[in-house]
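Structure, as structure tokens:
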Amino acid sequence: MEKALDVALETGFRHIDTAYMYENEAVIGKVLKRWLDSGKIKREDLFIVTKLPPIGMRPEHVPHFIQLSLKNLQLDYLDLYL
């Protein structure tokens, strides 16, 4: 997954679509952090989408899952949360 995301970013992909249920947010976060810390890319140049898992489909659970995704992705904000 890391290599695939590296290649995607190198070739110009800037939209990343993930979800808690895909179980890949932590790997994506690791790669994004490396790219952002290196200065190869700016956060504002990315469009990051993730999704609420079915187990979180109650209003009181939404903040927990948003924070969990942000932590896993090592980001301060998301561009779209479905």
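The values are calculated or read from the model by the stated rules, or taken from the named source; none is laboratory data. Here the structure is a predicted model, which means the values were calculated and not measured. With ideal geometry, Cβ positions are generated from the backbone for all residues, glycine too; neighbour counts draw on all protein chains shown. Only protein heavy atoms, including side chains, enter the accessible area calculation; ligands, DNA and RNA are left aside. Shrake-Rupley method; radii C 1.70, N 1.55, O 1.52, S 1.80 Å.
Model label sites at H64 and K33, defined 7 Å from Cα along the beta-carbon direction, differ in position by 2.4 nm.
Helical runs (DSSP H, four residues minimum) scored at -39500 (n - 2.57) apiece and divided by the length of the chain put the mean residue ellipticity at 222 nm at -13000 deg cm²/dmol.
With a 1.4 Å probe and all protein chains left in place, how much accessible area per residue does the chain have, in Å²? Before the final figure, lay out each step's value.
On the way: 5190 Å² over 82 residues.
With all protein chains present, the chain gives 63 Å² per residue.
Stokes-Einstein, applied to the Kirkwood radius of the chain over Cα pairs at a viscosity of 1.567 mPa s and 4 °C, places its translational diffusion at 100 µm² s⁻¹.
What is the magnitude of the charge dipole of the chain about its Cα centre, with +1 placed on the Cβ of each Lys and Arg, -1 on the Cβ of each Asp and Glu, and no other charges, expressed in debye to the nearest 20? The partial results should precede the final answer.
On the way: 11 positive and 12 negative charges, 20 e Å.
That gives the chain a dipole magnitude of about 100 debye.
Accessible surface of the chain, 1.4 Å probe: 59 percent of it comes from carbon and sulfur atoms.
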